[in-house]
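Single-structure report; data block below.
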Amino acid sequence: MHPLKQNRPLRRIVLASAVTASGLVMLLALKPHTAPEVASAPQVVSSPAPSGSASGKAVAGTKTVTGETAQTRWGPVQVKITVTNGKITDVTAVQSPSDNPRDQEINSYALPQLKSEALAAQSAKIDTVSGATYTSDGYRQSLQSALDSAGL
């Protein structure tokens, strides 16, 4: 008969407790990918407005706004937008997770998709890129911050 199948409940209890304790220690030993940082304040840079008047929400001229840094599980994400005459004309990722090759691989396909979505939507209401959920969420947060600072 196998030793664990014998009528020795104390041995089973000790073994189960040891396995549970070691699993708990391993779980508590997990550390986040990066340490959280304090979000930076949005920066607004404006260029002189061309002559003529703007109607509605559209603002004449070109304005560059950097959104707040969004902390994600894998690192910070921050975007900078360029607004011309009230329309988003460019979106650039200032910061994105890049600590390891996998982060770089994900961002190589996710950031261009997020940029094209933002330019098409002209808002932060963009779809999440499959496989880059955390980056997409951070991108949306920083983009919304930049849009708010730009007054859009």
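Quick look at the numbers
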{"read-out": "Positive minus negative residues near Val129 (Lys, Arg vs Asp, Glu; Cβ under 12 Å)", "value": "-1"}
{"read-out": "Separation in nanometres of the label points that stand 7 Å from Cα toward Cβ, at Ala121 and Leu24", "value": "4.3"}
{"read-out": "Sequence-distant residues sharing a close amide H with Asp90 (under 5 Å, placed H)", "value": "Thr82"}
{"read-out": "Fraction of accessible area attributable to carbon and sulfur, the stretch 95-152 (%, probe 1.4 Å)", "value": "47"}
{"read-out": "Residue-by-residue Karplus 3J(HN,Hα) for the stretch 66-75, coefficients 6.51, -1.76, 1.60, Hz, glycine and proline x", "value": "9, x, 5, 6, 9, 7, 10, 4, 9, x"}
{"read-out": "Per-peptide average of other Cβ atoms within 10 Å, ordering 124-135, 67-78, 12-23 highest first", "value": "67-78, 124-135, 12-23"}
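The values are calculated or read from the model by the stated rules, or taken from the named source; none is laboratory data. Keep in mind that what you see is a predicted model, and the values were worked out from it rather than measured. Ideal geometry is used to build each Cβ from the backbone, glycine not excepted, and the neighbour counts take in all protein chains shown. Accessible surface areas use protein heavy atoms only, side chains included; no ligands, DNA or RNA. Shrake-Rupley method; radii C 1.70, N 1.55, O 1.52, S 1.80 Å.
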